[in-house]
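Notes for the one structure printed next.
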Amino acid sequence: MFIGHSFFAFSQWIQLSVVTKFCTSLDLGIYTLGLAIIGPLFIFAGLQLKAIQITDVTTNWKFQEYFTLRVICLLAAIIFVIVYSLLFSREFFSLFLLLALLKVVEGISEIMNGQQQLQEDMKKVAISNILRGFAIAVGVFIGVYFIKSLVVGLLIALLGNLLVLVFYDYKNCTTLLKTKQLIQFATTRYKSIVLKALPLAIVVTLIYLNANVAKYFIEYLKSTVEQGIYSTIGYLIVIGNLVNNALGQAITPRLSKYFAEREMKKFNQLAKQFIIANIVIGILIIAVVHFTGEYILLFFFNNSIAQYTQLFTLFMVAGLLLYCVSCIGYILTSMHYIKQQPIIHIVGLATNLICCFLLIRIYGLNGAAYAWIISFAAQLIISVLLLNKSYKNILKPAV
């Protein structure tokens, strides 16, 4: 899982690197703006069903119910993107539509991978991530470098992801099911799944919005070019968090099992190892960036972006705080302590909005990084308080 998610994250970075090197700064800005607009929509539409699915160790809902609900939500999201693009961004319609379709394929693959992950068959999930990441990176490179078109590159990436979905994910998923029927409307239980998943969906959407707030402010207060530079460097936090998510998704089924069976010694040990691993990874990343940040930016991007080494280091400091917040979130989710989590990210988003408004005007791109650090620090404090509360409310009575 660690290798698979890390490769997928790295392939997304390669995609940004290719766009940075072979497209104009304006194209880069438009591309990252599209991601910033479409990303939160599909995060919410996904309802974080996979998180519910992989912790559903008692099988409260069938796979077909998870899959059908995911398809319905993705269709609603793609319709929204089409309407939005036609009304407000018609000149970017093809780009936005392809980005949205990639999210659709990713969402379907994710729910299929969730069935394997529930069985702790992590190898197939990792291979799926590697294949899809490879298809995205190679597709964009072919389109941008050889055909000189980002739209064509995204189209090739989409076709590659569809092949992985049909010939790998579908095959591996249906072998775990008693029937190959994936769509099921003859049930009235979708409302209960939505009510269960909605708090977590709000949490993750708030996280994604929090990561994109500065982009909206920079786009408005500065320029599309600076927004593109900020987004490119800032994506390195996303890579680190995807690695964190790989660890979290790998251990969440086990944590949920320990908690359901009240094996609290094993639960606490695994949770502590998870937290320590995130802290160590975060510190190592900060150290590497501090000493080699300029060379990393120059190698993967270009000279203009390599000038922002201080911003790069500030991002990694923010990343360490983010990884800790995310880590505690996985632990709370494995304990089904979900309804209380939105408060963490509501406070974080509000803090980020205020800080971005005040600091970007004064400090430019560095101001956006300062805002992130303050926002994640506030979230971490509340996360720790909620974790302590969850132990008092849930674990002690169980003992």
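The values are calculated or read from the model by the stated rules, or taken from the named source; none is laboratory data. Given the structure is predicted, the values throughout are model-derived calculations rather than measurements. Ideal geometry is used to build each Cβ from the backbone, glycine not excepted, and the neighbour counts take in all protein chains shown.
Out of LYS196, LYS180, I need the residue that is among the basic types (Lys, Arg), under 21 Å from VAL105 (Cβ atoms) and at pLDDT below 85. Which one?
Numbers: LYS196 fails: under 21 Å from VAL105 (Cβ atoms).
Criteria check complete, one pass: LYS180.
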query: Which residues, taken from segment 65-82, are within 20 Å of the chain's Cα centre (by Cα) and charged (D, E, K, R)?
result: ARG70
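Can you go through PHE67, PHE134, PHE141, PHE146 and tell me which one is over 25 Å from GLY4 (Cβ atoms) and out of contact with any Lys or Arg (no Cβ under 7 Å at 6 or more places or on another chain)?
Being over 25 Å from GLY4 (Cβ atoms) and out of contact with any Lys or Arg (no Cβ under 7 Å at 6 or more places or on another chain) holds for just one of PHE67, PHE134, PHE141, PHE146, which is PHE146.
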message: Every residue in segment 186-207 that is of a type in the set (D, E, K, R) and in a helix (DSSP H, G or I), please.
response: LYS191, LYS196
field: Number of the exception - GLN181 against (1) part of a helix (DSSP H, G or I); (2) in contact (Cβ under 8 Å) with a residue 40 or more places away in the chain
entry: (1)
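Being touching a helix residue (DSSP H, G or I) at 6+ places or on another chain (Cβ under 8 Å), of a type in the set (Ser, Thr, Tyr) and part of a helix (DSSP H, G or I) is the filter; apply it to segment 218-235 and report the residue that is farthest from ALA378 (Cα to Cα). Spell out how you get there, then give the answer.
Let us first name the residues in segment 218-235 that are touching a helix residue (DSSP H, G or I) at 6+ places or on another chain (Cβ under 8 Å), namely 218-219, 221-235.
With the extra rule that they be of a type in the set (Ser, Thr, Tyr), the set shrinks to 223-224, 230-232, 235.
After this cut, where a residue has to be part of a helix (DSSP H, G or I) as well, the list is 224, 230-232, 235.
Values: THR224: 29, TYR230: 22, SER231: 22, THR232: 25, TYR235: 21 Å.
Residue satisfying both the conditions and the ranking: THR224.
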Filter result for ASN210 (assigned to a helix (DSSP H, G or I) and closer than 13 Å to CYS356 by Cβ): yes
query: Between a first residue in segment 317-337 that is free of Cβ contacts under 8 Å to residues at least 40 places away in the same chain and a second residue that is of a type in the set (Ser, Thr, Tyr), which pairs have beta carbons less than 8 Å apart while being 6 or more apart in sequence or on different chains?
result: none
message: Residues that are crowded, with 22+ Cβ neighbours inside 10 Å, touching a helix residue (DSSP H, G or I) at 6+ places or on another chain (Cβ under 9 Å), of a type outside the set (S, T, N, Q) and under 30 Å from LEU255 (Cβ atoms): does segment 289-305 have at least one?
response: no
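Given LYS215, LYS266, which one is of a type in the set (D, E, K, R), in a helix (DSSP H, G or I) and surrounded by fewer than 22 Cβ atoms within 10 Å (Cβ to Cβ)?
On the way: LYS215 fails: surrounded by fewer than 22 Cβ atoms within 10 Å (Cβ to Cβ).
None of the others qualify; the one that does is LYS266.
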- prompt: Only one residue in GLY143, GLY133 is crowded, with 20+ Cβ neighbours inside 10 Å, of a type outside the set (Lys, Arg), farther than 30 Å from TYR323 by Cα and at pLDDT 85 or above. Which one?
  reply: GLY143
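The rows are residues; the columns are (1) surrounded by fewer than 21 Cβ atoms within 10 Å (Cβ to Cβ); (2) closer than 23 Å to LEU41 by Cβ; (3) under 22 Å from the mean Cα position of the chain (by Cα); (4) at pLDDT below 90.
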residue: TYR84; (1), (2), (3), (4): yes, yes, no, yes
residue: ALA100; (1), (2), (3), (4): no, yes, yes, no
residue: VAL105; (1), (2), (3), (4): no, yes, yes, no
residue: ASN113; (1), (2), (3), (4): no, yes, yes, yes
residue: VAL152; (1), (2), (3), (4): yes, no, no, no
residue: LEU162; (1), (2), (3), (4): yes, yes, yes, no
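Here's the yes/no breakdown for (1) under 23 Å from PHE274 (Cβ atoms); (2) assigned to a helix (DSSP H, G or I); (3) among the β-branched types (Val, Ile, Thr):
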site	(1), (2), (3)
CYS327	yes, yes, no
ILE331	yes, yes, yes
HIS345	yes, yes, no
LEU359	no, yes, no
ILE374	no, yes, yes
- prompt: Restricting attention to segment 185-199, does a residue exist that is touching a residue at least 12 places away in the same chain (Cβ under 8 Å), out of contact with any Leu (no Cβ under 8 Å at 6 or more places or on another chain), among the hydrophobic types (A, V, I, L, M, F, W, C) and surrounded by 18 or more Cβ atoms within 10 Å (Cβ to Cβ)?
  reply: no
field: In segment 371-392, residue nearest to the chain's Cα centre (by Cα) [restricted to those that are within 19 Å of CYS356 (Cβ to Cβ) and of a type in the set (Gly, Ala, Ser)]
entry: SER375
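So that you can scan it fast, the table gives a plain yes or no per residue for (1) in a helix (DSSP H, G or I); (2) on the phi > 0 side of the Ramachandran plot; (3) at pLDDT 85 or above:
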| position | (1), (2), (3) |
| --- | --- |
| ASN241 | yes, no, no |
| PRO253 | yes, no, no |
| ARG262 | no, yes, no |
| ILE275 | yes, no, yes |
message: Among the residues in segment 194-210, are any under 25 Å from PHE92 (Cα atoms), of a type in the set (Lys, Arg) and in contact with a helix residue (DSSP H, G or I) (Cβ under 7 Å, 6 or more places away or on another chain)?
response: no
